[in-house]
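Single-structure report; data block below.
The values are calculated or read from the model by the stated rules, or taken from the named source; none is laboratory data. Everything numeric here is computed off the predicted structure, so don't read it as measured data. No Cβ is skipped: glycine too gets one built from the backbone with ideal geometry, and neighbour counts run over all protein chains shown.
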Amino acid sequence: MALLFVAVHSLTQLGDPQMRKPVPEPQVVGMPQQTPVASEVPVVTLAGRRHAERTSYSILANLGITDTVATTGGEYVDVAVRLATDRAFASDLRARIRAALAHSVLTDMPRHARNLEDAYLRALDERVPGAVDGLS
């Protein structure tokens, strides 16, 4: 069976509201969310306020794909069920992900390298004024 979608969530947000202490959150963020998206697999995510709860949201928002971003546990379940049962919705999302990846800053490695090099040069120039004169 092919992978239909990936569900990513914050365990804190899906935890029992009666609990007095938060449920531990997953520690690995970033790559687990990027891999399915790069393979055109829809990702369902529950966006929260902290960094670990917003990584998938950030990736999806940069692609312009926010149909699978939930803000409540109920929305999260609804989106996951829809992806599992509505083939047209899932197929449309895969096509939109494919098209978005083709023109996204997330996959423009030459641009990323230029921006990173510029950031390094700016940091060096702030630390050692004049050190980058004539380099850029």
For residues that are under 17 Å from E53 (Cβ atoms) and modelled with pLDDT of 90 or more, tally how many sit in segment 80-103.
-> 0
Spans of helices (runs of 4 or more DSSP H) in segment 42-136 with at least 2 residues without any contact (Cβ under 8 Å) to a residue 12 or more places away in the chain and loosely packed, with under 12 Cβ neighbours inside 10 Å | 73-85, 87-102, 109-127
